[in-house]
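A.B. asks: Below: one structure in structure tokens.
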Amino acid sequence: MSWFVLFVSGVLEACWAVALGKSEGFTRLGPSIVFGVAVVLSMIGLAYAMRELPVATSYVVWVGIGAVLTAAYSFISGDEAVSVAKVALIGLITASVIGLKLLHG
């Protein structure tokens, strides 16, 4: 259950990161509200997962999921240019997250 909650929290991290960018310094209400809700839920989920999972593993997996999904959103939306090097490096982050899950058992 902790791994599932950690994954959902990582997805929420990507949500709040994207919303933060779209809030334009908290001057836009909708994205600012999405940011606030997503960041609180993401932190609650991370805290829950850390009850059973090691802190370092939890944090790296949470950040990794959030970073990969945020980058994917930026590439798909056209906000950031895609390159082979970026995709390869993001692939390494993904492999690291999967590796940490496999190492944990």
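Bear in mind that the values in this text are calculations on the coordinates, not laboratory data. No experiment lies behind these values; they were computed from the predicted model shown. Positions of Cβ are generated from backbone atoms using ideal geometry, with glycine treated the same way; all protein chains shown enter the neighbour counts.
A.B. asks: For the chain, just say rounded, prolate or oblate: build the C-alpha gyration tensor, square-root its eigenvalues into a ≥ b ≥ c, call rounded for a/c under 1.5, and beyond that prolate if a/b exceeds b/c, oblate if not.
C.D. replies: Oblate, because a/c is 1.5 or more while a/b does not exceed b/c.
A.B. asks: Right, here's the next one. Could the peptides 23-33, 69-79, 2-12 be put in order, highest first, of the mean number of other beta-carbon atoms found within 10 Å of their residues?
C.D. replies: 2-12, 69-79, 23-33
A.B. asks: Below 14 angstrom from the Cβ of ALA49, what's the summed charge of the other residues (Lys, Arg +1; Asp, Glu -1)?
C.D. replies: Taking every other residue near ALA49 into account, the sum is 0.
A.B. asks: Assuming R0 = 30 Å, what is the FRET efficiency of GLU24 and GLU52, from their Cβ-Cβ distance, to the nearest 0.05?
C.D. replies: 0.20
A.B. asks: Is there a quick way to get the dipole size of the stretch 2-104? I mean about its Cα centre, with the Cβ of Lys and Arg at +1 and of Asp and Glu at -1; what is the value in debye to the nearest 20?
C.D. replies: That gives a dipole near 100 debye.
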